[in-house]
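Everything on this sheet refers to the single structure shown next.
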Amino acid sequence: MRTPFVCGNWKMYKTAAEARKFAKAFLAEYEASDVRVGIFAPFTQLPTLVRAFRGTGVVIGAQNVFYEEEGAYTGEVSARMLDELGVKACLVGHSERRGIFHETDEDVRKKLVTLFRHEIAPILCVGESLEQREAGKANEIVSGQIAADLEGIPDEDVRKLTVAYEPIWAIGTGKTASAADANEMCGVIREKIAALYGEETADCVTIQYGGSVKPANVTEIMNQYEIDGVLVGGASLKPDSFLSLVNF
Ligand code: PGA
């Protein structure tokens, strides 16, 4: 019922020239299918990627946005600036932004409001730390993030939302959550959204798993009932590896 959604998060990798090379190699082999594909790149590569992927159906997204429309916010980029470039999606609240750049749930919530206003599709990232998981608090932490980040967001916007469940201990570590654990947590997220908005709305939300996804484990993850897609860092950087993920 929900369309599979496979996304690459390039983090702070690749120059524009390298992005152009990636696009050329990827598109030489890529065949569009019923799997939706997204690439989330640093700001400076976005014009190159939007141009290179025009007409292919591949969604080009940013990794961050500031919630104000404009103003004296040195170093920030607005949703209107992204929209002008033809950027159709944006990550919000990635654990590296929450952890390294101290983004709060309130920042994340405001960014969601702004993105929906500009019709840029957000991927809301949530996930617990190893310490929280070992303390048996994973469900509580992730449900709490969902409640805080979606506070005041109307039902019609939530229906268009993608959530990425990314346990912090699995990101870039080579340690993947077991497919069963990932499925369970994606189920917890859907239940929380159902509790807040009702089951019909929760059923519309695309839920991805992220954290050390690679060609060797993508099929098992994608076969889980609650998992609609993957958000992939390291294994999305090479065209052949990303193609294997897209063609899971
Ligand atoms: P990883 O990163 O695939 O390199 O673990 C995932 C992410 O941070 O989105």
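Quick check on the stretch 206-236: of everything there that is under 10 Å from the mean Cα position of the chain (by Cα) and free of Cβ contacts under 8 Å to residues at least 60 places away in the same chain, which residue is surrounded by the fewest Cβ atoms within 10 Å (Cβ to Cβ)?
I207
Condition first: out of contact with any helix residue (DSSP H, G or I) (no Cβ under 8 Å at 6 or more places or on another chain) and within 16 Å of the ligand (Cβ to nearest atom). Now tell me which residues in the stretch 155-183 satisfy that.
Those that are out of contact with any helix residue (DSSP H, G or I) (no Cβ under 8 Å at 6 or more places or on another chain) and within 16 Å of the ligand (Cβ to nearest atom): T162, A164, A170, T173, G174, S178, D181.
For the stretch 124-151, give me each residue that is in a loop (DSSP other than H, G, I, E, B) and of a type in the set (D, E).
Listed by number, the residues that qualify are E128, E151.
Is the stretch 184-192 home to any residue that is over 22 Å from E128 (Cβ atoms) and away from the ligand (no atom under 16 Å from the Cβ)?
There is no residue in the stretch 184-192 that is over 22 Å from E128 (Cβ atoms) and away from the ligand (no atom under 16 Å from the Cβ).
Could you look through the stretch 152-169, keep only residues that are assigned to a helix (DSSP H, G or I) and within 15 Å of the chain's Cα centre (by Cα), and pick out the one that is farthest from T114 (Cα to Cα)?
In this case the residue turns out to be I168.
Return yes when E119 is acidic (D, E) and either touching a Lys or Arg at 6+ places or on another chain (Cβ under 9 Å) or in a loop (DSSP other than H, G, I, E, B) (or both) and no when it is not.
Yes; evaluated as a whole, the condition is true for this residue.
Among strands (runs of 3 or more DSSP E) lying entirely in the stretch 1-102, which contain 3 or more residues that are touching a helix residue (DSSP H, G or I) at 6+ places or on another chain (Cβ under 8 Å), modelled with pLDDT of 95 or more and among the aromatic types (F, W, Y)?
Of the strands (runs of 3 or more DSSP E) lying wholly inside the stretch 1-102, none has at least 3 residues that are touching a helix residue (DSSP H, G or I) at 6+ places or on another chain (Cβ under 8 Å), modelled with pLDDT of 95 or more and among the aromatic types (F, W, Y).
For the stretch 215-247, give me the residue count where each residue is in a loop (DSSP other than H, G, I, E, B) and either within 14 Å of the ligand (Cβ to nearest atom) or of a type in the set (D, E) (or both).
Residues meeting the conditions: 8.
Show the residue pairs meeting these rules: Cβ distance below 7 Å; 6+ apart or different chains; first residue within the stretch 98-113 and without any contact (Cβ under 8 Å) to a residue 60 or more places away in the chain; second residue surrounded by 18 or more Cβ atoms within 10 Å (Cβ to Cβ) and of a type in the set (K, R).
Sorted first by the residue in the stretch 98-113, then by its partner, the pairs are E103/R97.
The values are calculated or read from the model by the stated rules, or taken from the named source; none is laboratory data. Please read all numbers here as calculations on a predicted model, not as lab measurements. Quick reminder, even Gly has a Cβ in these numbers, built from the backbone with ideal geometry, and neighbours come from all protein chains shown.
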